[in-house]
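To start, the structure under review is shown below, and the notes come after it.
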Amino acid sequence: MADRRDRRIEPSFDGPSQAASSTGFSVREEDRVVPGNRKSSSKRSATRPKPARGGRRKRSKTGLFGRLLYWCFVLAIWGGIAGAGVVVYYGAKMPAATTWSVPDRAPNIKIVDVDDQLIANRGASGGEAVGLNEMSRYIPEAVIAIEDRRFYSHYGIDPIGFTRAVVTNLIGGSLRQGGSTLTQQLAKNLFLTPDRTLERKVQEVLLAIWLEQKHTKDQILEMYLNRVYFGSGAHGVEAASRRYFGKSARDVTLSEAALLAGLLKAPSRFSPARDPKAAERRAQLVLGAMREEGMISDKQLKTAMAAPAVRAPSYWTGSENYVADTIVEEIPTLIGDVRGDIVVETTVDLTLQKLAEKSIRELVDAKGKKLNVTQGALVSIDNSGAVRAMVGGYDYSTSQFNRVSEARRQPGSAFKPFVYMTALEAGRTPDSVRNDAPIRIGKWTPANFKGKYYGKVTLATALAKSLNSVAAQLTMEVGPDAVIETAHRMGIESDLQNNTAIALGTSEVTPLELTSAYVPFANGGFRPEVHFVRRITDTNGKVLYKAKEGSAPRVARTEIIGMMNSMMSGTVEVGTAKKAAFGWPSAGKTGTSQNSRDAWFVGYTANLTTGVWFGNDDGTAMKNVTGGALPAQAWHEFMMAAHQGVPVKPLPGTWRSTPSDTVVQDDIPSDLTPPAPVSGGVPSASADQPARAVRQQAQDDSPAMPRDNGSTASIDHPVPPGDVGGPTKKRSTSIFDILSGG
């Protein structure tokens, strides 16, 4: 037994040996780990079937696909885990979702005229918010068709659209499509910066999902359309519609809606203000997308495709924008910071505004090149100080500089009414006589136009002829200080040079203040506050500001106004402004600065006071343009249209003038440079005897008026009650006596 247990049993590869059979253990050739060299089993091997080559390949490919699928699945799991980690990481950096809220839309300032017609929208958005059910139905349809076709079916993000965009960009080798939905774009506009970073994209997705949970699809679409940028400074569909088509988003046509939707991809590149053809091609792509989605019919597509390309101005056009800009600057002083949408009700009449714009542009177009005139301005103010029209320049789209309120120019002879009014307050009358002859004041010799002099003339004749010599004499008599006081009292706000040359309008003023200073002549002697705004309300009608009424102080006596109106009526009837006459009782004064750099006419009726200026921004001379030419013509055209159908009213005040021979000439430019202040031996007060009783009556009747230093006595006639004034020094001689040798 021991020998049998210790004996080694060798396996047999040729067949079952006796020992193997007794033990039941045997190994065949094919069971070897390493095949042997023996050929005893070749016959058996030859009889075994061999696997087909194709089957082996099939099993190989199936295995490769399985392994690929497996690893893709593994990578997807790890990618999902990594993505979730990124979302959690960047999401944790955001404020708690409970604190999220949609920020208020930038306030809009809606500016309307006296008849509630829209003048302009101002503010960061540039247009009021329009409800989805109010705007043209083509606008949301066009935007959805080109920007987010599955808007109403996704939940803030669109995996299909995102995948398509990724594939398209990979194939094209560049960023050709974006995968953001409208909700994502809104989230970006509301909360995020435009930076293209992974963090911003993750936050955009989270915010989009939150928006979808908090708001309906229509609310999201409405918010988007009222906030998205459409180029050229227009935010929201209302601003864009006004900017490009001059109409409300409520009235936009199919082709116009397609153009707006096409702007969203690249507002600057596809803007019709920059490239109308590119905007048209993009709009046609939008129309094709709308047809594919079944939003429009073939007939509608054909009609819209045939619409001509829209050419929008490079900037807002229309002179009413000068008014809008002025009002926006005033609002902070009226109501403070604008925190919500407001409506500004102005004093401007849009019909008059268009008439004023037409009167300026037509003259510049017709005669500007020939006469070297490039700019014009007009402002019209009623007796209450309300501005009814204001044209700040030839074309707002090319220059937003408001020449009415910002340009300071020499008024020339248009300043003379303040000299004559000061003389009347000092006791002269329209029939007072002065000797029109060459005079010398220090080193200054004020010359008349073409060197013509007329000898003894009345003040009425001197003003109608715009005689420089007489105006200088009167300024010497009453003193430059008194003239400056009168001008400031009437409405001039600019600093004025204290010298005798002020008589010829050498101190610069703005058209707005010069025109406003003529208003007391039109309303009987009151100086109202010039204003553009009647009332400001919020969108619910709550009044935030209302202009004061009936508080204008008296600055001139009725008798003085009557005499001034009598004299300045002659300017229109037989004087330098005959071209301004239009059938109504009217008065005014022309003005032309040195070398025809500025040409003015400021005139008025009992209803409106209107000032007109023509010139060039760089101060170059016009070709013999005077105040009695282009300014008087523009004034005539505007005032005639403005008074159409209005009952005729006489000018305030009365004065019966002594008949006189009034020979007039063209307006006289001032050919002088401002001299130094006159000093030494020049009387500054009237030589006429004071009428103390009359002065006291003026003070009693007009307690609110500023005081004057001029005398109220007369040379030639008894003086009607004067305007204002305190005691003055009495002199024995006047400049008239000196010049006439008396």
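The values are calculated or read from the model by the stated rules, or taken from the named source; none is laboratory data. Source: prediction; values computed, not measured. Every residue, glycine as well, gets a Cβ built from its backbone with ideal geometry; the counts of neighbours run over all protein chains shown. What goes into the accessible areas is simple: the full protein's heavy atoms, side chains included, and nothing from ligands, DNA or RNA. Shrake-Rupley method; radii C 1.70, N 1.55, O 1.52, S 1.80 Å.
Quick notes on this one:
- Among (1) of a type outside the set (D, E, K, R); (2) surrounded by fewer than 22 Cβ atoms within 10 Å (Cβ to Cβ); (3) not in a strand (DSSP E or B) - the single one Ala487 does not satisfy: (2)
- Output for region 288-304, where each listed residue is without any contact (Cβ under 8 Å) to a residue 40 or more places away in the chain and assigned to a helix (DSSP H, G or I): Gly288, Arg291, Asp298, Lys299, Leu301, Lys302
- Residue check for Leu630: crowded, with 21+ Cβ neighbours inside 10 Å, over 18 Å from Ser466 (Cα atoms) and modelled with pLDDT of 50 or more: no
- Within region 224-282, the residues that satisfy the criterion of being acidic (Asp, Glu) and either buried (at least 23 other Cβ atoms within 10 Å of the Cβ) or in a strand (DSSP E or B) (or both) are Glu238, Glu256.
- Qualifying residue in region 434-448 (condition: out of contact with any Cys (no Cβ under 9 Å at 6 or more places or on another chain), in a helix (DSSP H, G or I) and of a type in the set (A, V, I, L, M, F, W, C)): no
- Pairing residues of region 624-635 that are within 18 Å of Ala356 (Cβ to Cβ) with residues that are charged (D, E, K, R) and open to solvent by less than 10 Å² (accessible area, probe 1.4 Å), at Cβ distances under 7 Å and at least 6 apart in sequence or on separate chains, gives Gly627/Asp667.
- Index of the failed condition, Leu424 passing every other in (1) closer than 30 Å to Pro528 by Cβ; (2) open to solvent by less than 50 Å² (accessible area, probe 1.4 Å); (3) touching a strand residue (DSSP E or B) at 6+ places or on another chain (Cβ under 7 Å): (3)
- Within region 392-403, the presence of a residue that is in contact with a Leu (Cβ under 7 Å, 6 or more places away or on another chain) and either without any contact (Cβ under 8 Å) to a residue 40 or more places away in the chain or crowded, with 24+ Cβ neighbours inside 10 Å (or both) is excluded.
- Test: residue in region 445-456 that is closer than 14 Å to Glu425 by Cβ, in contact (Cβ under 8 Å) with a residue 24 or more places away in the chain and crowded, with 18+ Cβ neighbours inside 10 Å: no
- Only one entry of Ala587, Ala556, Ala552 meets the criterion of being closer than 28 Å to Val328 by Cβ, touching a residue at least 60 places away in the same chain (Cβ under 8 Å) and crowded, with 16+ Cβ neighbours inside 10 Å, and that entry is Ala552.
- For the condition part of a strand (DSSP E or B) and within 17 Å of Met563 (Cβ to Cβ), Val457 qualifies.
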